[in-house]
Every structure is written in structure tokens, then in C-alpha cells.
Amino acid sequence: MAVLSKIRERSILLIGIIGFCLLAFIIGDVVKSGGFGVDKYVGSVNGTDIAYLEFNKKVANMQQRQQGATAGQAAGYVWNMEVDKILFEELCEKAGIRVGKDHVLDIYGQMLGNNPQFVNAAGKFDKAKFNEFLVNLKKNNPEQWQAIENERPDIEASARKQLYATALKAAFFTTDFEAKQRYAAESDKVNFDYVSVSYSTINDEDPKVKVTDQELIDYMKKNPKKYKAEASRDLEVVFVENKPSAQDEAEVKKSIEALLVPSVKLVEGKTDTIPGFANVPVAEVPSFIAENSEVPYDSTFVTKGQLPVEFAQQISALAPGQVFGPYNNNGYYTVTRMIAKKPGASVKASHILIGYKGAQMADGKITLTKEQAKAKAEELLAKVNANPASFGQLVMENSNDPGSMNNQGVYDNIAPNQMVKPFNDFIFNNPIGKTGVVETDFGFHVIKVLDKYDGVRVANLAKKIQPSETTIDANFQKATKLEMDARDTKKPLADLAKAAGLTVTPANKIGENDDNIPGVGAEREIVRWAYNDDTKVGDVKKFDLSSAKGSVVVALKTINAKGVLPLEEAKLSVLPIIRNEKKAKIIREKMQGATLEAVAQKAGATVANATGVTLANPMIMGVGPEMKVVGKAFGLGAGKTSKLIDGQSGVFMVRTKNVEVAPAQPSQAAMVARLNGQGRSGIENRLSIALKDKADIEDNRSKFY
């Protein structure tokens, strides 16, 4: 009672303390989320903020439409759309582009053009039908109508973007001069002699061509756009996979073997003996499988080729009622029982299809009448009968079936009723070797029955080989110990993993908004940890995989800041460039002389020749692409010799023999049309890349997803 009295006396104080704690909790959450009434922002583009709430709705909608997409993947897709929308809206605003109702309906037409509800008799999107649909929807289902109406700003933005892109495409054109230049680059040919000394003649380890880290950095700073890099992280990952142990496999095998012998069960207070799998009456096999197997019963007849390859011979040789197994079939311990056999269950046949004008799915280029097609098919049948070995060649020369054109007209393992009825009846009702002409809606078929396969109906009693709880616990403990040892001893994760019999896998260049970890899969939490401000190089952490496939122990190896390429990456792409520049200086000292012959003798090389090389394809046989070398050869006069040229693969000197100028085209129309098509293709994508490159973009997605 005394305690209760004390509590009553101090109740106001207690309420005040509890209230203060709650207020502190709320304020902390508000501060963390950006303040009272202040929307959180996923990012901004040129000062235009992208609000989180609206962005997140679009991410959720995207995940509904793209089943299986992670939140990060959906956010990436929506982010690209939002950035594009803002950048193109800026352009459209400057250009004064506006859209009307018809423009918006055109976008809906592109989205819903295949929906029969909105298609007219001509197979085109009917704006009137769509408008009628919207009117009825507003009346009968205002919520759904409002959902569509909420998307109108995005649809209007798409329409403006499309108008802008269309105008841009219309403004792109190729002049006759440009067409002539392209024609010359593709058609004019140069023939020349040359001497070359490859960069590979100097060892990369030669001290004279050593490249320092500072030289790499200086080179990249001179070309910052070419060698820029986004922020990234390099990780070391140890995957402790929940794989079944040998003991687990033995237990699963034992459990399935137990189903092969009779067992006693208590049914309604009475004991009942259940026969083993091999002795269950055929009529009861489906129910036995349903009760005891993790793979359902399939009554389909299959061929030997459709059985598990490793065990097909043993299974197909079983007599009805016999069993084979248990055997490991793709991670399942399986016992197979032969139920029945059926001769000629599937067929192998080849055919030549002769279509005619008006036949089903006939190519528009076919001009034969039905009578002409029939006559041609009968003519081909006579050739096949006279020379059976000619069938494949006749297919290549005559068949209108693209599906079997590259396979000598062969269709293998044809099941009953897989083909149209006349085709099906011929191949199943005739013996091997039989040939004939069959008419279908597709045309006339010259058919040869090549083979017939017996079918088998089997019942598979199967149980998946999975890790036991004991195995899962042991793996969890192994991963936990590895994490603790790495933290406590500060030893490299690779060394500790090797001692534990585990493998370290590098996961390099992981971006801030990436989902996927190589060898592990979509594990966003690992990426978030790697980019956390509190995570330092050398830190180690264990993650239990969302897929329940095990655990991973991850070490943060390198933090690559935004800027130029990391040195290790630069060594792959930049180092060879600088090293070859140094090699070129050494090689030039050897290549002394005014003529090719003199230089060849001095450098210990030979005079080679190149023929028929074009600017569009500057490939020197046996050397590779050499644009600078070929360009110089075109620029020299006949019989003229160049100075030394630092090429792609070595140092060159060339002597032009002659340039074969292609005959002038009477019209540039074809080339102009081709170049216009190439230039206009993908113009939206190229513009989007250019706009993003120049824009001021702040991307905070990683804080939310």
C-alpha cells in the first residue's frame, strides 16, 4: 500500500517523464525525416526537387507492373523517367511546345493500341471508343477514373517530349556533300606498302617504359570527361551457402527408400499395411505420389530423349511395374516406376513447305497460285523419291517454312496433335521412310517420316535434397565466427576464409544505387552498409541472405570517390596508352632512314603491303585497325612516302601505291536516306544522355531504397 501511495503522489511527475520521452521520440523521428510538414526529396534536377511521397507511389506501381522487381530496381527505372521528364520539360518550355487533347490521345493510342476494347474495324486505335470508355468510367467508377486522371500530367509530358523529338528528327538532315563523303569512305580503296615495328617487341617490364601512378593521374586529369568515374565500392565477399551435407543427402535417400517397402499405419484405430511404391496398384499410383512425393504425377507419355540423360537407358528398359532408383535427379532423390509403354508415341519428320498466294501466314512475296504450288510440291516429291539424299538441299532451295529452314526441314520428337491435322495424320499413320504430299491451310508439304519413338509413362517418387536445421545452424555459426575473428584479430578476411575452407569473391565497382552483388544476388542491405558514413575500409559485417540460402561475410576493401577512374581500373585502360607512347619513342630511334627499305633494314623488319583498304574499315590484314595509318596513306600521293606514324599497334612508315576512286553515283538519294535513318534512330536516347551529362543532378535514392 505504501508503494501505491508513493506512485499516486508522484503520478504527475511520472506522466511528465513519459510525455517527455514520447515527445523526444517524435521529435527525433521528425528531425530524421526532414522536419515538420516538410516533404522528403529523393533528389533534384537543375534545382527541381523530386518529392519522395509521389516518387514512392510510382515505385510501388512499377513493382506491381513488373512482378519480381526489387524496390531498388523499380526506383532506378522511375528515377530515369523522372529525370528525363524534368530535362525534356525544360527544353519544351524554352521551345514553347504545348499539347492538345489529340496529342494526349496519341500517347494513349501507343500504350493501348493492341487492346481490342479500343480498336476499330481497321485494327487502329479508336479515339472515340477511348473517350466513351473514359466518360463511362467517370460515371460508374470515379476512383479508377481519378487514377487515370492523376497520370495525365505524365502523359502530357510524354506527348511534349515526343513532339520535341519529332521536331528534332525533322531538323536532322544529310547534305549531298556528306553523302558523297560517306560513299567515298566506304568505296574508295588505297593500296600501299608499309614497314611496322610492333609495341610488343619491347617488354612491358622494361624500366624505360615503366608508368608511375602520378603519370596515370596526370593523363586522366587532362581528359577528365573521358576518364570520369562515379563513386563506387570494392568489396570482398565470403558466401557461406546453406548446401545439404553428405548426412543430409543420406537422410533424404533413407526417407525415400523407406517408401519402397511396406509400412504399417493406424487408420481409424486399426492398423493397415501400405504397400511399397513398386507394389502399389496402378490405379492408386497417382494418390501415392500426391501423398508422398514433392514432384506431382504426370501421365504424359514421354520419349527416351525426354528422360534424365544419365539414366534414360535404365529407365526406358524397365518393364511395366519395375522401379529404378533412388538416383539424384537435379537435386531430388528420385525413384522411377514404369507404368506403361506405347509404340510410336512421337515422330521425327522432315518437310518442304510450298506456300501459295492467299495461304495462311504466306509471305507477301509468294506469287504462286494454289494449283502451281501443288504441281511444284509433286515435282519435288518425285526428286526426293529419285534421290533421297537431296532432301536437305531441296529444303534450302524451296521451303517457305523459316522455322525448319536451317535444319534441313526436320522437326524432331513431334507429339500427337502438335501439328495441323493433315500433317499429323500422315506422319502418325505411315511407316518410317514413307514420303508424300499433304495439303494444309499453310500450303503443300512434301513430307518424309524419318523415325518413330516409343513412349513411356512413368511415375516419379521424388524428394528434394535440402539442408537440415543442423546444417543451417552450423553454417550460421561458421559465418558468425568468421565475422568475429575478422573483427577481433584484424587479419585479412581472405586469410581467415582460406583457413576456414571458404572462398573470397571480389565484388568491385558497386554503385550507390546498385542492388546486385556478384555471386550473391539482390541484397540491397549490403550496398547500404558499404555506403554508410560509419563504415570504414577494412570493416567486416555478416549478412543473412533474404533468400535464406545462407549468409555472407563482407569486407569493405576500397572506397572509390567520385572523380577520375580508380588507379587499379586506370591500369587496365590508361596504362597501355602511356606505355605505348614511351615504347614509340624507343622504336622511332631504331627506324632510321628515308625509304621503307632502309627503315626495314635498320629496324630488322620487312616491307609488307596492304590492298583494298577503305577509310570506313581501316583494317590492315594481319595487323588490325589502323585509322591514322590508313588515313595517311589516302592523303599521300602515289609513290610518296610518309614520315613515322605512331599507330594503334606499333610505329609505321607507309608508301602509297595508288588510290582506287569508286565511280561517282548518279544520285545521292539512297545514301542520304540511309544516313538520315541512322542519324535519326535513337535520337531521344542520345539527347537524354547529353542532357544528363550537362545537368546538375542530385541523386539521394540510396537513402530511401
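The values are calculated or read from the model by the stated rules, or taken from the named source; none is laboratory data. If you're wondering where the values come from, they're calculated on a predicted model, not measured in any experiment. Backbone-built Cβ (ideal geometry, glycine too); neighbour counts: all protein chains shown.
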*Just one of Leu87, Leu112 is in contact (Cβ under 8 Å) with a residue 60 or more places away in the chain and either within 25 Å of Asn685 (Cβ to Cβ) or aromatic (Phe, Trp, Tyr) (or both); which is it?*
Leu87
*asked:* Anything in segment 438-460 that is touching a residue at least 60 places away in the same chain (Cβ under 8 Å) and of a type in the set (A, V, I, L, M, F, W, C)? List them, or say none.
replied: Phe442, Phe444, Val446, Ile447, Val449, Leu450, Val456, Val458, Ala459
*What are the residues in segment 367-378 that are in a loop (DSSP other than H, G, I, E, B) and either within 32 Å of the chain's Cα centre (by Cα) or buried (at least 16 other Cβ atoms within 10 Å of the Cβ) (or both), if any?*
Leu368
*surrounded by fewer than 19 Cβ atoms within 10 Å (Cβ to Cβ), in contact (Cβ under 8 Å) with a residue 60 or more places away in the chain and in a helix (DSSP H, G or I): does that describe Ile559?*
no
*Take Gly113 and decide whether it is at pLDDT below 80 and not acidic (Asp, Glu).*
yes
*Restricting attention to segment 234-289, which residues are buried (at least 16 other Cβ atoms within 10 Å of the Cβ), touching a Gly at 6+ places or on another chain (Cβ under 8 Å) and either part of a loop (DSSP other than H, G, I, E, B) or without any contact (Cβ under 8 Å) to a residue 60 or more places away in the chain (or both)?*
Asn242
*Assess whether Leu87 counts as being more than 30 Å from Val527 (Cα to Cα), hydrophobic (A, V, I, L, M, F, W, C) and not in a loop (DSSP other than H, G, I, E, B).*
no
*Which residue out of Thr505, Thr489, Thr470 is surrounded by fewer than 17 Cβ atoms within 10 Å (Cβ to Cβ) and touching a strand residue (DSSP E or B) at 6+ places or on another chain (Cβ under 8 Å)?*
Thr505
*Look through segment 614-645, keep the residues that are of a type in the set (D, E, K, R) and over 20 Å from Thr201 (Cα atoms), and return whichever of them is surrounded by the most Cβ atoms within 10 Å (Cβ to Cβ).*
Lys632
*Search segment 465-494 for residues being part of a helix (DSSP H, G or I) and under 26 Å from Tyr327 (Cα atoms), and hand back the single one that is nearest to the chain's Cα centre (by Cα).*
Ile472
*Return yes when Leu575 is under 32 Å from the mean Cα position of the chain (by Cα) and touching a residue at least 12 places away in the same chain (Cβ under 8 Å) and no when it is not.*
yes
*asked:* Condition first: within 15 Å of Tyr333 (Cα to Cα) and of a type in the set (Lys, Arg). Can you find one or more residues in segment 261-272 that meet it?
replied: no
*asked:* Between Lys481, Lys434, which is among the basic types (Lys, Arg), out of contact with any strand residue (DSSP E or B) (no Cβ under 6 Å at 6 or more places or on another chain) and free of Cβ contacts under 8 Å to residues at least 60 places away in the same chain?
replied: Lys481
*Do we have any residue at all in segment 303-313 that's modelled with pLDDT under 95 and surrounded by 19 or more Cβ atoms within 10 Å (Cβ to Cβ)?*
yes
*Going by the structure shown, is Ser196 in contact (Cβ under 8 Å) with a residue 24 or more places away in the chain and over 39 Å from the mean Cα position of the chain (by Cα)?*
yes
*In segment 262-281, the residues that are within 25 Å of Lys341 (Cα to Cα) and either more than 46 Å from the chain's Cα centre (by Cα) or basic (Lys, Arg) (or both)*: Pro275, Gly276, Asn279, Val280, Pro281
_Can you report the number of residues in segment 426-443 which are surrounded by 13 or more Cβ atoms within 10 Å (Cβ to Cβ) and assigned to a helix (DSSP H, G or I)?_
3
_Complete set of residues in segment 379-420 that are part of a loop (DSSP other than H, G, I, E, B) and surrounded by 12 or more Cβ atoms within 10 Å (Cβ to Cβ)_ = Ser399, Asn400, Asp401, Ser404, Gln408, Gly409, Ala415, Pro416, Gln418, Met419, Val420
*Evaluate segment 356-366: report whether one residue or more is surrounded by 14 or more Cβ atoms within 10 Å (Cβ to Cβ) and within 30 Å of Leu260 (Cα to Cα).*
no
*If a residue has to be in contact with a Ser or Thr (Cβ under 9 Å, 6 or more places away or on another chain), within 26 Å of Val659 (Cα to Cα) and of a type in the set (Val, Ile, Thr) to count, how many in segment 581-615 make the cut?*
2
*So how many residues does segment 131-165 have that are crowded, with 17+ Cβ neighbours inside 10 Å and among the polar types (S, T, N, Q)?*
2
*For segment 124-142, how many residues meet the condition of being free of Cβ contacts under 8 Å to residues at least 24 places away in the same chain and under 13 Å from Gln110 (Cα atoms)?*
3
